[in-house]
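A.B. asks: Structure incoming, see below.
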Amino acid sequence: MRKMRRKGLASMAVQTAETTTNSANTVDLGPAAALSCRECGHQVPLGPVFACEECFGPLEIAYDFSAYDTEELRRRIEAGPANIWRYAPLLPVPADVADKPNINPGWTKLVKADNLARELGVTGGLYVKDDSGNPTHSFKDRVVAQAIEAARAFGFTTLSCSSTGNLAGAVGAAAARAGFRSCVFIPHDLEQGKVVMAAVYGGELVGIEGNYDDVNRFCSELIGDPAGEGWGFVNVNLRPYYAEGSKTLAYEICEQLGWRLPDQLVVPIASGSQLTKIDKGLKELIALGLVEDRPYKIFGAQAKGCSPVSTAYKAGHDVVRPQKPDTIAKSLAIGNPADGPYVLDIARRTGGAVEDVTDEQVVDAIKLLARTEGIFAETAGGVTVGVTKKLIDEGVLDPSLTTVVLNTGDGLKTLDAVAGTGLTATIRPNLDSFREAGLA
Ligand SMILES: [Zn+2]
């Protein structure tokens, strides 16, 4: 099945490897053939690099899927484990990845949300892809699981990242299970709950006196210093591998729909990476013949308090102007999203859109999803549900089409957002009091 290094880009990858001192072409990362620049197409061998040496553009994985037979591949996936490794033939991981110690995220529920559909007037089928079911309760487990396998292949012994919370927990858990040292950097004044959720896995957790930008700047210095040698930073030098984890959302949604593309997807935007990789995953399934080639639309969702991409979309711009974030949707609060321009391209190319909602609408949407479907979403999930409602109200999203909305994390992570929700009544412990309160 994995006949590697064949024609085309694979042979280019080998040629490039021979002309550099990098020995990374010896690593086994399954169908991954090379790293390819998204801007200029320049290719380099697989290695722990993330920026193009020609133009500084972002690198992503190029694959060689040419050996695959569609029906054999479908059977192999369907016979695979109930986690992201069922898609190992389409990911930058070795074929025996399922046998390695990994927290094995994915294969989360695709919930048919009929109650929510009735409230929103959706008649074509509404689904919530609920990624709160991952081991550390957010979609970050998908991307970190990929980064761990790349770290193993490149011989790293320490796993690291800069984080504001969710990613720190995902790295801590994955490193604990896989037997890596983890050393994660966070702003020193994070909420206690987030600190505990990252620290409980036993790795080193370092508070940096400064804000998230300061943490990032420090990590960049550490990568270039001998002190950081042997360190894999999941979202920096392992970023091309890490980012591929988001493709599994697209694979799962289509397989769970019976190997069918949804008509419309609503995806939250932080850096924009997840949305671009979902699009990449859908295109791969079409190219491999695993789903019928028909149009789909991808909609991006942001909070108004951090809406650089939706602002650019509405203004008709191709560039994204940075903003200073001010929103309760902290997991989406990236004011200068690296993949913003790619998101604009995809939204326009597929006939989708990018929209934003206020913090008040985010809270309303969290409660709407909870009371209609029994799903308690974190604020990012409130953003996607809120944007879905707004797009339907505006006549942009077609309610007669099959629509999938992403919930990327558990509401327990962002309890403060719904802190005002509480008791219906307080009564004395007798029936008279119960009746007086109008509860009978
Ligand atoms: Zn380039």
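The values are calculated or read from the model by the stated rules, or taken from the named source; none is laboratory data. Computed from a predicted model, the values in this text were never measured in an experiment. Please note: Cβ atoms are built from the backbone with ideal geometry, for glycine as well, and neighbour counts cover all protein chains shown. The protein model used for the area step is the full one, side chains on, heavy atoms only, and it has no ligands, DNA or RNA in it. Shrake-Rupley method; radii C 1.70, N 1.55, O 1.52, S 1.80 Å.
A.B. asks: I'm checking my understanding of the structure. Among residues of segment 297-309 that are touching a helix residue (DSSP H, G or I) at 6+ places or on another chain (Cβ under 7 Å) and open to solvent by 10 Å² or more (accessible area, probe 1.4 Å), which one is farthest from Ala365 (Cα to Cα)?
C.D. replies: So the residue we want is Lys297.
A.B. asks: Given the conditions (1) at pLDDT 95 or above; (2) more than 16 Å from the ligand (Cβ to nearest atom); (3) of a type in the set (Gly, Ala, Ser), and given that Ser23 satisfies all but one, which numbered condition is not satisfied?
C.D. replies: Every condition holds for Ser23 apart from (1).
A.B. asks: Taking Gly202 and the conditions (1) open to solvent by less than 50 Å² (accessible area, probe 1.4 Å); (2) within 17 Å of Thr136 (Cα to Cα), which numbered condition does it fall short on, given that it satisfies the others?
C.D. replies: (1)
A.B. asks: How many residues does segment 209-235 hold that are aliphatic (A, V, I, L, M) and either closer than 30 Å to Thr403 by Cβ or surrounded by 21 or more Cβ atoms within 10 Å (Cβ to Cβ) (or both)?
C.D. replies: 2
A.B. asks: Tally up the residues in segment 250-259 that are more than 14 Å from Val111 (Cβ to Cβ), buried (at least 22 other Cβ atoms within 10 Å of the Cβ) and touching a residue at least 40 places away in the same chain (Cβ under 8 Å), please.
C.D. replies: The number of residues fulfilling the criteria is 1.
Here is a yes/no grid of residues against (1) open to solvent by less than 10 Å² (accessible area, probe 1.4 Å); (2) charged (D, E, K, R):
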residue	(1), (2)
Tyr313	no, no
Arg321	no, yes
Thr350	no, no
Thr372	no, no
Thr379	yes, no
Glu394	no, yes
Pro399	no, no
Thr403	yes, no
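A.B. asks: Take the conditions at pLDDT 95 or above and out of contact with any Asp or Glu (no Cβ under 7 Å at 6 or more places or on another chain) and apply them to Gly335. Does it pass?
C.D. replies: Working: at pLDDT 95 or above: no; out of contact with any Asp or Glu (no Cβ under 7 Å at 6 or more places or on another chain): yes.
Answer is no for this residue.
Table: residues versus (1) touching a Leu at 6+ places or on another chain (Cβ under 9 Å); (2) part of a helix (DSSP H, G or I).
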| residue | (1), (2) |
| --- | --- |
| Leu159 | yes, no |
| Ala168 | yes, yes |
| Gly172 | yes, yes |
| Ala175 | yes, yes |
| Val184 | yes, no |
| Asp189 | no, no |
| Lys194 | no, yes |
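A.B. asks: In addition: Being touching a residue at least 24 places away in the same chain (Cβ under 8 Å), aliphatic (A, V, I, L, M) and touching a strand residue (DSSP E or B) at 6+ places or on another chain (Cβ under 8 Å) is the filter here; which residues of segment 185-213 pass it?
C.D. replies: Correct list: Ile186, Leu190, Ala198, Ala199, Leu205.
A.B. asks: Checking the condition in contact (Cβ under 8 Å) with a residue 12 or more places away in the chain and over 16 Å from Gln361 (Cα atoms), which residue from Gly395, Gly409, Gly422 passes?
C.D. replies: Criteria check complete, one pass: Gly409.
For every residue, the table says whether it meets (1) touching a Lys or Arg at 6+ places or on another chain (Cβ under 8 Å); (2) among the small types (Gly, Ala, Ser); (3) modelled with pLDDT of 95 or more.
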position	(1), (2), (3)
Ser36	no, yes, yes
Gln43	no, no, yes
Ala62	no, yes, yes
Ala67	yes, yes, no
Arg118	no, no, yes
Gly125	yes, yes, yes
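A.B. asks: I would also like to ask the following. Out of the residues in segment 280-296 meeting the condition of being closer than 21 Å to Glu60 by Cβ and in a loop (DSSP other than H, G, I, E, B), tell me which one is least open to solvent (accessible area, probe 1.4 Å).
C.D. replies: Looking at the filtered set, the residue picked out is Leu290.
A.B. asks: Name, by its number, the condition in (1) within 16 Å of the ligand (Cβ to nearest atom); (2) within 19 Å of Leu406 (Cα to Cα) that does not hold for Pro58.
C.D. replies: (2)
A.B. asks: While we're on this one: With the requirement that a residue be open to solvent by 10 Å² or more (accessible area, probe 1.4 Å), outside any loop (DSSP other than H, G, I, E, B) and either free of Cβ contacts under 8 Å to residues at least 24 places away in the same chain or among the aliphatic types (A, V, I, L, M) (or both), what does segment 63-77 give you?
C.D. replies: Glu71, Arg75
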